[in-house]
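No lab work stands behind these numbers, since they all come straight from the coordinates. Quantities reported herein were computed from a predicted structural model and do not represent experimental measurements. Cβ placement follows ideal geometry from the backbone for every residue including glycine, while neighbour counts extend to all protein chains displayed.
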Amino acid sequence: MSEVRVTIRPVSLPDGPRGTMTRLRGRGRYALLESALTMPRQAEWSYIAGPSLATLHTDETATRLERDGRECASWSDPLEALASVTGTRTLHFDGERPPGMGFVGGWVGMLGYELLHTPSRAAGEPVLPRQWWMAVDQVLAFHHPSGRWWQSTVVGPEDGWPWSDASRSQAWDETLRHAREAAPPRRPWRAGARTLRTGRAAFEDGVQRIRERIADGEVLQVNLTRREEASFEGDPWGLYEDLIAAHPAPFAAYLEAPGFAIASCSPERFLQRRGDQVEARPIKGTAARGADAIEDATRRDDLARSVKDRAENLMIVDLMRNDLGRVALTGSVKVPELFALEPYASVWQMVSTVQARLRPDCGVDQLLRACWPPGSMTGAPKLKAMQIIEAMEPTRRGCYAGSVGYFDCSGDLDLSVIIRSAVIADGRVTTQFGGAIVADSDPAAEWAETIAKGARIAAVLDRR
């Protein structure tokens, strides 16, 4: 365990998270984790992390740690690599850490859905890293309820990552200077006509085939998805701004890496760790928003009473309880909130909360090995559901259904599920939508659910 010094101080900036990120892009590599839809005690902070010191990324052959264009280390196991660079450290604070501020420095990035397995059939289009992380020793943290900014900087031992550079004060000062400059002009973007990789007939046929597998006793639930894609030109950041304006979300994120960008409007937290406490908030159960207040309330009430949606949700709650139970203290797994309803731009969602207390020896590799990929994106039992997904979906999911978030230098973490999101790579933008298929799923209704989930994103992409 190594020691690092964290300096936290309030700062004055002229704009909020998105406006500040606009000023910083192009001044180094930064990432934005944004509570674009503030939720008390769940999503109250936004973080701009950077500029990066190093990157950790996994391709088809290995995981590599790189700095200044030079490979510093490599691993065959991607989770061993994460454990090596995110180990718990002792923090010494200069300045008071505001209550609820979770990220002071560490690693920010993404985990791809296929991180731990290689589909034998599905095509990898586009080719993306299985994980990509950047080391950051500076975080600008914005507290939405108070409208206040803090700057956190981290310095540590020469053999630690990312604390191996003790002369970063100039870069930190430049970040604040750029964040106070006039905002640059907006750069345009444009998407071509959307095309379906899986059409309605094929999707509904997939729903029926899954129902047959359920009837045969092979599986209880499968998360079946479909992809849309279009040509893309221009600035991915402009697309993110427009998506968030149309589809505000509590766990939004913008991540730009070599060769790809993620514009995420996610409503779902995968895992949050604070000390030995861990929490998951799986989403299962969806209803489209109504055209007026009366219709909207009716649809909410119908979702609340839906036996099908409750069954979907409960299956994933049980799956998450089982996953966390592998690394939790005996008897500590609990479900403090079941079947809660949350409103979003185009849908109502049914959300439950699963909590546990982790064993003292549980590292990030053990936690992720027990829980990856997110159970809400697979089905139950997880392994069988994943096998069915790979047999039915024509492309690898890549970033979609993975996670984006941070690993804090304290050993804490917060990861969202990459859904309601756009991935920009190779001159194309891809989106993906799906739902949980259970015994009484209606193929036409499942198709309609994917349309409802993607309605706001599709409307943004269709602007010409």
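Would you mind giving the three semi-axes, in whole Å and largest first, of the ellipsoid equivalent to the range 304-431 according to its Cα gyration tensor?
Ellipsoid semi-axes (Å, largest first): 25, 21, 16.
Given H placed on each backbone N at 1.01 Å, which residues far from Arg89 in sequence or on other chains put an amide H within less than 5 Å of it?
Correct list: Gly411.
About its Cα centre, what dipole magnitude does the chain give when the only charges are +1 on Lys and Arg Cβ and -1 on Asp and Glu Cβ, stated in debye to the nearest 20?
For the chain, the charge dipole is close to 500 debye.
Which value, to two decimals, describes the C-alpha radius of gyration of the range 398-464 once divided by 2.2 N^0.38 Å? Provide the component values of the computation, followed by the final result.
On the way: Rg = 15.6 Å, N = 67, 2.2 N^0.38 = 10.9 Å.
After normalising by residue count via 2.2 N^0.38 Å, the value is 1.44.
Among Gln277, Pro258, Tyr240, which residue has its Cα positioned farthest towards the positive end of the charge dipole of the range 218-353, with +1 placed on the Cβ of Lys and Arg, -1 on the Cβ of Asp and Glu, and the dipole taken about the Cα centre?
Of the candidates, Gln277 comes out farthest on the positive side.
Which trypsin sites (Lys or Arg not before Pro) in the range 116-158 pass both tests, a DSSP loop state and at most 15 other beta-carbon atoms within 10 Å?
Qualifying residues, ordered by number: Arg121.
Expressed as a fraction of 2.2 N^0.38 Å, the rule-of-thumb size for a compact globular protein of N residues, what is the C-alpha radius of gyration of the chain?
0.94
Show me 313-324, 298-309 ranked by packing, highest mean number of other Cβ atoms within 10 Å first.
313-324, 298-309
Counting alpha carbon pairs within less than 8 Å and at least 6 residues apart, what relative contact order, in whole percent, applies to the range 307-447?
19 percent
Under unit Cβ charges (Lys, Arg +1; Asp, Glu -1), what dipole magnitude, rounded to 20 debye, does the range 283-352 have relative to its Cα centre?
That gives a dipole near 300 debye.
If contacts are Cα pairs under 8 angstrom and at least 6 residues apart, what is the relative contact order of the range 305-360 in percent?
Once normalised by length, the contact order is 38 percent.
Could you work out how much longer the chain between Arg180 and Arg300 gets when fully extended? Use 0.36 nm per residue separation minus the Cα distance between them, nm to one decimal. Show your work: numbers first, answer last.
Details: separation 120, 0.36 × 120 = 43.20 nm, distance 4.32 nm.
Full extension from Arg180 to Arg300 adds 38.9 nm.
Please compute the contact order of the chain in relative form: average sequence separation of alpha-carbon pairs under 8 Å and at least six residues apart, divided by the residue count, as a percent.
22 percent
Order of 440-453, 249-262, 90-103 by packing, highest average Cβ count within 10 Å first?
So the order, starting with the most tightly packed, is 249-262, 440-453, 90-103.
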